[in-house]
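See below for the structure under consideration.
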């Protein structure tokens, strides 16, 4: 149990350190999915902007991360999201949501949910 708590504290500290750094913004409509993943792998987190898939002309954006531990370090959890890129309409990414995951009904998966439910 002590090892688990020590690991959780270390992950929280690592996630908090990443949250303190400046975050870059990217318009991704002309990028490939691999380029988006490269940005997230390199920077840990980024604001990704893209045109709404509905065709309304609105620009959507959110903060996306490369690891669920970044969200956990901020007291939240990661949810799987997809963003449209030049080569696919569904590039898989992770985004943070506040609080514990609602999908974690048994208390085992404190970092990640498959969806926003």
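Worth a mention:
- Taking the range 1-72 and the helices (runs of 4 or more DSSP H) fully enclosed by it, the elements with 1 or more residues that are surrounded by 16 or more Cβ atoms within 10 Å (Cβ to Cβ) and at pLDDT below 85 are at 2-20, 68-72.
- Filter result for residue 80 (part of a strand (DSSP E or B) and either modelled with pLDDT of 85 or more or exposed (fewer than 14 other Cβ atoms within 10 Å of the Cβ) (or both)): yes
- Scan of the range 63-100 for residues that are within 19 Å of residue 30 (Cα to Cα) and more than 9 Å from the chain's Cα centre (by Cα), ordered by number: 82, 83, 84, 85, 86, 87, 88, 89, 90, 91, 92
The values are calculated or read from the model by the stated rules, or taken from the named source; none is laboratory data. Not measured: the values here are computed from a predicted model. Neighbour counts run over all protein chains shown; Cβ positions are idealised from the backbone, glycine included.
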